[in-house]
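What follows is a set of notes on a single structure, which appears directly below.
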């Protein structure tokens with residue numbers, strides 16, 4: 001065994017940088033950290049290499065906070081890491097890699113590489129803009145919320161939404177889900193499937209989570225989750241993390257805002273904008289109606305004026321005609337004729353002319369100041 005130890009350590013006397021995925025992590029009470037590194041075959045993800053590694057307390061006290069400061073996460077299973085190791089061999093424990101350093105920039109870079117691969121695959125699938133093409137309800141007030149019931153981000157969202165100063169009412173239904181870690185994508189997808197079965201009850205789906213470490217939010221770059229959001233039958237509004245966070249889930253959602261409270265602000269502001277539109281429409285309609293009524297009144301007034309003028313003209317015409325008739329009647333009055341010295345000859349109470357009078361007939365001569373009765377002695381032609 002000693003010869004094996006000597007052979008191994010003589011062949012690999014220097015420290016080497018090694019890439020692998022952490023499959024197990026264990027911190028013990030002494031401050032040491034024990035990890036298991038694995039390498040997978042790309043074609044079928046089968047394990048092709050595995051090694052035990054240890055970070056002694058003296059190194060771990062420096063590596064742990066430095067790694068967290070750059071990645072926002074502790075060292076955990078599932079991470080791809082670049083570690084600086086020295087190969088050692090123990091006759092009792094066998095081959096062990098002693099870790100002296102971990103490059104956090106590699107882990108962050110690996111996450112970004114996966115993220116870009118996910119984006120490229122979604123673009124290739126033609127899914128990036130699918131959800132954004134859906135029509136968001138004019139006043140989305142029935143909301144299916146995917147979040148964790150115990151999360152601070154969910155509480156902030158609800159307080160901000162329900163307590164809005166304008167008194168706008170929203171109906172929300174929580175679909176509880178794990179919002180970080182390896183289980184998060186599957187849990188969120190399961191919640192979305194429940195919403196899809198009741199989609200007619202909602203105007204939109206809302207996915208919210210407060211800020212956290214980089215590794216806590218990496219689940220929102222998951223391909224399957226992003227694909228589900230892109231193909232979801234309802235508009236999806238995403239508010240995950242802090243102002244500087246932007247994930248693949250944000251890219252494929254109908255609407256992406258920075259934080260859970262910003263989602264609430266967006267929904268309230270949407271109502272206010274629609275209210276302003278309705279107010280402007282009402283004012284325009286009122287102005288149009290006023291103008292139309294004013295025009296109608298003006299036209300009626302003009303018609304009334306024309307009618308009055310026409311009636312006045314007709315009255316004047318009729319008055320003149322009556323005056324003419326009265327004048328004619330006045331001129332035709334026998335009394336007026338008699339007053340001018342004319343007389344009326346009557347025989348038997350009827351007006352008569354010379355041809356109606358015979359000798360010996362009783363004739364009355366009516367004049368302006370009286371009448372005279374006489375007997376005709378002779379008729380002269």
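The values are calculated or read from the model by the stated rules, or taken from the named source; none is laboratory data. Predicted, not measured: the structure shown is a model, and the values here were computed from it. Neighbour counts are summed over all protein chains in view; Cβ atoms, including those assigned to glycine, are modelled from backbone coordinates with ideal geometry.
Are any of the residues in segment 41-57 farther than 30 Å from residue 223 by Cα, at pLDDT below 85, out of contact with any strand residue (DSSP E or B) (no Cβ under 8 Å at 6 or more places or on another chain) and outside any helix (DSSP H, G or I)? No.
Restricting segment 229-251 to residues that are farther than 21 Å from residue 172 by Cα and at pLDDT 95 or above, the residue that is surrounded by the most Cβ atoms within 10 Å (Cβ to Cβ) is 230.
Residues of segment 79-102 that are touching a helix residue (DSSP H, G or I) at 6+ places or on another chain (Cβ under 9 Å), surrounded by fewer than 17 Cβ atoms within 10 Å (Cβ to Cβ) and in a loop (DSSP other than H, G, I, E, B): 91 alone.
Just one of the listed residues (63, 92) is outside the structural domain of residue 182 (by TED's automatic domain parsing) and under 14 Å from residue 34 (Cβ atoms), namely 63. The numbered conditions (1) in the same structural domain as residue 248 (by TED's automatic domain parsing); (2) under 23 Å from residue 218 (Cα atoms) are all true for residue 121 except (1). The number of residues in segment 187-228 being under 18 Å from residue 77 (Cα atoms) and at pLDDT 95 or above comes to 0. Within segment 59-78, restricting attention to residues that are surrounded by fewer than 17 Cβ atoms within 10 Å (Cβ to Cβ) and under 15 Å from residue 21 (Cβ atoms), the residue that is nearest to the chain's Cα centre (by Cα) is 78.
Applying the condition of being surrounded by fewer than 11 Cβ atoms within 10 Å (Cβ to Cβ) and touching a residue at least 12 places away in the same chain (Cβ under 8 Å) to segment 12-48 and asking which residue is nearest to residue 78 (Cα to Cα) yields 30.
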